[in-house]
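Scroll down for the structure; my scribbles are underneath it.
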Amino acid sequence: MAEGKLKHGLTWRLHDPGMGLLERAGLAALYMSLRAAEEQGVKDNLAPLMWKDEDLQPDSVTIRSDGTDREALTKLFEWAWQVSDGVLFLPAVQRDPKLAANAFLRVPTHNGILNTFLQHRTCRLSTDFVRRTENITDDQPIPVAYLRLSFLKPLNDLKFLVNSDGTLKDHARLASWVSPGFTNRYPTEASTSNWQDKPWQGRSRQAILRMLAPISCFYQRLPSQRMRTKSSNDPDAAGKKKPKWSENWVFIAPDCQNLADFDETRPDIQLTHDFIDVASISDATLRFAAEYWHRRSEIIACQAVPMGTVAYYPNQRVRKAVFFFEPNDTLILRRYQLVHQYLGNRYVASQPHDPDEDEPSDSDQSNEWKNAGRIDVPSGRGRIVDNLASGNAWYLELFKPLHWDLDRLELQRKCIREREDRNISIQRLWFEILQAKRQKGALMALSREKEMWDSDAERIFLQVMHDMLGTLMWKEARAAERRGGSRGLSKRIEDLKEKIRRDLEICQTRDLLREKLSKWLAKGGSHEVVRQNRDKVWQLMNDRHGWQKARDLALLSLITYEGRWESVTQKPDLSSVEEDLAERLHVEESDGGFRLRLTGAVTHEEGAILKELFDSEEDKHAVENLIRKSEAEFGQVTLM
């Protein structure tokens, strides 16, 4: 009988030839699986698989066997890949006892693996699809759907790695699940002319790591997209069937450089139901990198591979891109944390079901399933995070939706046309979404964070745009008083913003941008900020390579405009003021005093109450100015 390769030990090192990103991820999974067996006291149960303490090094792993290679590898894979209650259980990364006891908590990782690595029907051999409702907190039910497993492809494919006598082969061939997304579309792309041959081939020691790699990867769900098929473009088929929507998933493979450090950190980064949805590929990548940095204060590089269906291959998900992220410093991660602080996922309660809504649905769903809430991913976060990952200004092309958002926007646009009898472009619809209360508040908060800006010139330019808008709105209010007309002031202000937006969005050259911005700045008057920073404003508008920043900052100002501020020396005591009025008066500390801002109109009586909060005549005069500016913006007479 031939001697097995594990008899004297089989060693892998992180930087051996042929160790790619997935191989290093697989080696990390092997290291973590063996450490988990030690922690849970089941090491002896894995015999004939053996290892010593010195076999687990930060850069290498050695495994041994006093039996056949087949027996040792079978014990390893039966431990590393488990199924409990029909849901994958991975002891290497799911070490919390709560995860072992509650299948619901493991479903996000389960779905991630089954939609990327083990997506093909031959990898799971199951049709038992479970749909139910679970609570992420006491009063937040969400729908949960997953496929119950009773078959594990990694265990089944061990037979391709060993000879009939139980020894490990030198080379092996495996199905494409070990290289997800890289499928053979034609027989000529395979290793032989026979399409039934296994498309992946390599050394068996490399195959072992590939089969373990999914354990240490991280999984996220991208926005769903409409499936593109021949019938979807057929006018005769229009209206007969609802369009099908396909989920897009992305797996993040970490670039592991220290196995011991990774083992201490990765099990703490768990995928939860309110943590699984992302807005873009960069959002998924930075989320994992930021979580790792937050727990270990170390930067880790990683690679994201998004997968989804395409028209030419509708039966299996293929890779749509590859994104490798390696930050140079922690600034990107700190900025991402700010973005996630203001634009994080949130739970949204269910709305009454609309049977005409063009969304995927099944007639057999229970009312409980239909009435469950959902996790909302705020619009705009994807573009901001993409800019951060690319090293661009965070607001660049913010008003241009990502391709992940286009199908959803087109659906909303059609609904608006049918229900409101209003035609609207995707660009304007996207702008209106960004003006919604949550997105607007988040963008305003981000614009106030100094760490989000690369230079003072950008912040100054934004302030110049705000001053311009304030004057234009004041002029519009005065014109409405003099001329009257059928349009109210709020409608006139809305039309003014829309005209500025359209002027800016058509600016695709530097010359056209200078023309349009100069026109609006001239109408807005020469403010103190403009006079003091005229050179910085002009430099940003006239930059041959960065003029787009001026355009996008001007568009950003339309959303982040907060109204006019007034400075006072005394901090007002709002304890005696009605809650509704106190919410509209914002107070911030400034150099040598405080700043006041109103975010809504006030009546004559409320204006008198605000003046009584201050002692000095100078502060009372500032409050009068503030109320008059509020009048210009919100269209109500406040002071006599």
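The values are calculated or read from the model by the stated rules, or taken from the named source; none is laboratory data. Just so it is clear, the model here is predicted, and its values are computed rather than measured. Every residue, glycine as well, gets a Cβ built from its backbone with ideal geometry; the counts of neighbours run over all protein chains shown. When the accessible area is computed, the model is the full protein with side chains, heavy atoms only, and any ligands, DNA or RNA have been set aside. Shrake-Rupley method; radii C 1.70, N 1.55, O 1.52, S 1.80 Å.
Things to note:
- Residues of the range 136-177 that turn out to be assigned to a loop (DSSP other than H, G, I, E, B) and in contact with a Ser or Thr (Cβ under 9 Å, 6 or more places away or on another chain), as a count: 11
- Scan of the range 11-30 for residues that are open to solvent by 10 Å² or more (accessible area, probe 1.4 Å) and either modelled with pLDDT under 90 or not polar (S, T, N, Q) (or both), ordered by number: 13, 15, 16, 17, 18, 19, 20, 21, 22, 24
- Boolean, residue 318 is touching a Phe, Trp or Tyr at 6+ places or on another chain (Cβ under 9 Å) and more than 30 Å from residue 119 (Cα to Cα): no
- Qualifying residues in the range 298-342 (those that are over 17 Å from residue 394 (Cβ atoms) and of a type in the set (Lys, Arg)) - the one modelled with the highest pLDDT: 320
- Residue within the range 179-199 that is open to solvent by less than 10 Å² (accessible area, probe 1.4 Å) and at pLDDT 85 or above present: no
- Only residues that are surrounded by fewer than 21 Cβ atoms within 10 Å (Cβ to Cβ) and farther than 16 Å from residue 248 by Cα were counted in the range 274-286, giving 1.
- Scanning the range 118-143 for residues that are within 25 Å of residue 349 (Cα to Cα) and open to solvent by less than 60 Å² (accessible area, probe 1.4 Å) yields 130, 133, 134, 136, 140, 141, 142, 143.
- Filter pass, residue 429 being open to solvent by less than 60 Å² (accessible area, probe 1.4 Å) and in contact with a helix residue (DSSP H, G or I) (Cβ under 8 Å, 6 or more places away or on another chain): yes
- Within the range 1-21, the set of residues being outside any loop (DSSP other than H, G, I, E, B) and free of Cβ contacts under 8 Å to residues at least 60 places away in the same chain comprises 11, 13.
- So residue 544, is it within 35 Å of the chain's Cα centre (by Cα), at pLDDT below 80 and open to solvent by 10 Å² or more (accessible area, probe 1.4 Å): no
- Within the range 1-17, the set of residues being within 35 Å of the chain's Cα centre (by Cα) and under 22 Å from residue 167 (Cα atoms) comprises 12, 13.
- Failed criterion for residue 564 (all others in (1) touching a Leu at 6+ places or on another chain (Cβ under 9 Å); (2) at pLDDT below 90; (3) farther than 23 Å from residue 625 by Cα hold): (3)
- Of all residues in the range 410-462, those being hydroxyl-bearing (Ser, Thr, Tyr) and within 21 Å of the chain's Cα centre (by Cα) number 1.
- Taking the listed residues 44, 66, 53, 59, the one that is surrounded by fewer than 17 Cβ atoms within 10 Å (Cβ to Cβ), under 39 Å from the mean Cα position of the chain (by Cα) and either charged (D, E, K, R) or closer than 29 Å to residue 103 by Cβ (or both) is 59, with no other qualifying.
- Residue 379 part of a loop (DSSP other than H, G, I, E, B), open to solvent by less than 70 Å² (accessible area, probe 1.4 Å) and modelled with pLDDT of 90 or more: yes
- Wholly within the range 390-465, helices (runs of 4 or more DSSP H) carrying at least 2 residues that are modelled with pLDDT under 90: 437-448
- Residue that is nearest to residue 79 (Cα to Cα) [pool: residues in the range 122-146 that are hydrophobic (A, V, I, L, M, F, W, C) and touching a residue at least 40 places away in the same chain (Cβ under 8 Å)]: 123
- You will find that of 562, 505, the residue that is open to solvent by less than 60 Å² (accessible area, probe 1.4 Å), in contact (Cβ under 8 Å) with a residue 60 or more places away in the chain and in contact with a strand residue (DSSP E or B) (Cβ under 7 Å, 6 or more places away or on another chain) is 562 and no other.
- Whichever residue in the range 69-117 is within 16 Å of residue 130 (Cβ to Cβ) and hydroxyl-bearing (Ser, Thr, Tyr) and, among such residues, is least open to solvent (accessible area, probe 1.4 Å): 109
- Residues in the range 297-349 that are under 24 Å from residue 273 (Cβ atoms), of a type outside the set (A, V, I, L, M), open to solvent by less than 50 Å² (accessible area, probe 1.4 Å) and outside any helix (DSSP H, G or I): 302, 306, 308, 309, 317, 344, 345.
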